[in-house]
Each structure stands twice: as structure tokens, then as C-alpha cells.
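First up is the structure itself, then whatever we jot down about it.
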Amino acid sequence: MTHDFVYGNYTQPSFKHNTISELSVRFVPLDLVAHWRRCGLTADFLAHFVSYNFSNREAALNVISTVLNELLENSVKFSLDKARHVNLVISHYDDILAIETVNITDGENAEKLNDYVQKLVDADADRLFVEQIEHTANLEREASGVGLITLRKDYGATIGVKIASSDSDHDCYEVAVQVRLNAEEVDRQ
Amino acid sequence: MTIKTDDYTVGYNSQENRGTLSGILRLASPASYDDAFGELKAALENNEQPLTIDMAAVTFMNSSGITALSRLVISARALNRPLILVGNAAVPWQKKTIPSLKKLYEKLEIRIT
């Protein structure tokens, strides 16, 4: 891969005057690999914080923590150098709950993500879920890759991805994954 | 036999052929669920009666868990065994995700209440 790719609903982050809540976390994947439970702890903490913006807090907490945990786990698993920081931001503005993770990965993972996201953005999510499960079970492949598919299928998430080559590091790519949820839908669970 | 960790519990009642999962299931990979689901898989292989897996008390499950559960459903399909998944409609992830497993196996019964 020699140039940047943008898929789906990715938009460059910018300051929003109508921000209700925003919280960002910078972490080292090694910390989460050492104690995997930290993924859930981080997701729960951020979700608890934001859930105060919703009338049905318990349901909002479950939805938001589930989505956050998925993105956290992905960013850790697909980080090339587990000692290199990952950034995560959750923002609630207008009727949008937006979560973005940014991590560094290698060319091989960037290519795989490139192929995966092209399918994810366009295909029927229900059908894609079944295909991924069946295909990876047949190949006895460890991971099924259904995380982002599930967010689209079950949470109405819109997904945007940007894969940018790093000028300074050979075979390093910065991957930004953006997930947006409709805040009214989160409150209607 | 019961598996109990800080985060989750898995129990199996052989008389009822019923497994019960509770707590938080967010393990690192589908293979990490081999221990948790091992007795349930054995029950599918060794018992022709319908197996019920009650997940109503599972507050969170990640995609690795959903994958492991899906592969259990595929095992039931391969063995032509009846399988029942029980969930709680008040827990959003259960209400949203468990029903879609029906697409993997037509004899899978989903009870979300």
C-alpha cells in the first residue's frame, strides 16, 4: 500500500461547538495484553461517564460499553508495536455518539483491513455476519472478524476507516476507525 | 461441574441437559472460550436430548465470545442436535445479537424473554 485510503463515513476529526461530552484515552496496548480485563474496565469506565447523558442509563451503558470494548480490543490486537500508544476518543454531540481509535499497524494488517472494510461498508451486514462465521469456522481460522460487522448489524453503527501510510516509518500505517451511533437510538434501547 | 472465575460462571446440569452462563464474557480470543464452553460442547456430542444454554445473566459478551458461541451452534448443526439459547430482552446485547444466530442453524430455538 503506497497511499492513503478512506472508507465509509470517515470524517477528519474537528472541534464541535455543540459537544455535550468528550473523553479521550491514550494507552499502551501492552498494558491491556498483560491484563485483558483492562479492555472491559476501560470500556465500562468510559461508558459509565457518557451514560449520564441518557435517560435509560443502564441500557445506554450496556450498548456503549459493548461498542467501546470491541474497538478497544481491535486496536490492541492489530497494533504492530504493542508498546506504541493507541488513542481513543468518545464524543457526544448533537444526536451523535462518535468513537474513534487510532493505532499503528503493519502493511500486512493494513492490506487485510483494506479488503475487509471494502466488504463491510457495502455489503448486507446480516449476510456478511453469517459468511464470516461460516468461512472462518471452515478454515479453522482463530478470529472470525465479526466485531465491526456486529456493530453495524446490531447497533446501527456507521463506520469510517482511514488507513494512512507513515512518512517516517517504513511499512507502518496509521489506522483510524470511526464508529458513530445515533444517540436517540441508544436512549431507546 | 461449575467453572467460576472473577468475571463469569459456567454451570451444567446433566439431568436437565442445561448449561447456565452468567457474568462478563470478554475473553481475548475464541480459543479462550474452549474451557468455558468445553462441557457444553461435550454435552452436545454425548447427549441426544435438547441442550439448553441459558445466557440471561450474561451482562456482556465480546465478539470472540459470539464467535465461540456461533461455532457451538455450528457443532449442533453438524451433529443434528436440538439446541435452545435462552436470553434476556432487557440486556441490549442479548436482544440484538443472539437472534441472528438462528441464521446459522434452522433447528436452533431462541427464547428471548
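The values are calculated or read from the model by the stated rules, or taken from the named source; none is laboratory data. Here the structure is a predicted model, which is why all the values come from computation and not from measurement. Methodologically, a virtual Cβ is constructed for each residue, glycine included, from the backbone with ideal geometry; neighbour enumeration extends over all protein chains shown. Each accessible area value is taken on the protein alone, full model and side chains, heavy atoms only, with ligands, DNA and RNA left out. Shrake-Rupley method; radii C 1.70, N 1.55, O 1.52, S 1.80 Å.
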Could you tell me the calculated FRET efficiency between B:Ala89 and A:Tyr93, based on Cβ-Cβ distance and R0 = 45 angstrom, to the nearest 0.05? 0.90
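Using helices alone, I'd like the mean residue ellipticity at 222 nm for chain B: each DSSP H run of four-plus residues gives -39500 (n - 2.57), total over residue count, nearest 500.
-10000 deg cm²/dmol
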Round to a whole number: what % of the accessible area of the protein assembly as shown belongs to carbon and sulfur, probe 1.4 Å? 49
In nanometres, what is the gap between the two model label sites at B:Lys103 and B:Thr2, each 7 Å from Cα along Cα-to-Cβ? 3.7
What pairs from A:Lys77/B:Lys103; B:Lys41/B:Lys96; A:Lys16/B:Lys95; B:Lys4/B:Lys102 go past 30 Å between their alpha carbons? A:Lys16/B:Lys95
Largest fluctuation, A:Ala123, A:Ala47, A:Ala176 only, Gaussian network model of chain A with Cα springs under 10 angstrom, belongs to A:Ala123
A:Asp171 versus A:Arg127: modelled label distance in nm, points set 7 Å from Cα along the beta carbon direction: 3.7
Projected convex hull area of the stretch A:16-63, Cα atoms, direction-averaged, in nm², equals 4.1
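Show me you know the interface measure: the accessible area buried between A and B, both chains summed, probe 1.4 Å, in Å² to the nearest 100.
Chains A and B together bury approximately 2400 Å².
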Here the alpha-carbon Rg of the stretch A:62-152 over 2.2 N^0.38 Å rounds to 1.17
Stretchable slack from A:Arg38 to A:Lys112, in nm (0.36 nm times residue separation minus alpha-carbon distance): 24.0 nm
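Under the √(5λ) rule applied to the eigenvalues of the Cα gyration tensor, what semi-axes describe the equivalent ellipsoid of the protein assembly as shown? Give them in Å, descending.
Value: 33, 22, 18 Å, ordered largest first.
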To one decimal place, what orientation-averaged projected area in nm² is obtained for the convex hull of the Cα set of chain B? 6.2
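Given the convex hull of the Cα atoms of the stretch A:118-189, what is a quarter of its surface area in nm²?
6.7
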Would you mind calculating the relative contact order of chain B from Cα pairs under 8 angstrom and at least 6 residues apart, reporting the percent as a whole number? 23
Ignoring ligands, DNA and RNA, what accessible area per residue does the protein assembly as shown give at 1.4 Å, in Å²? 46
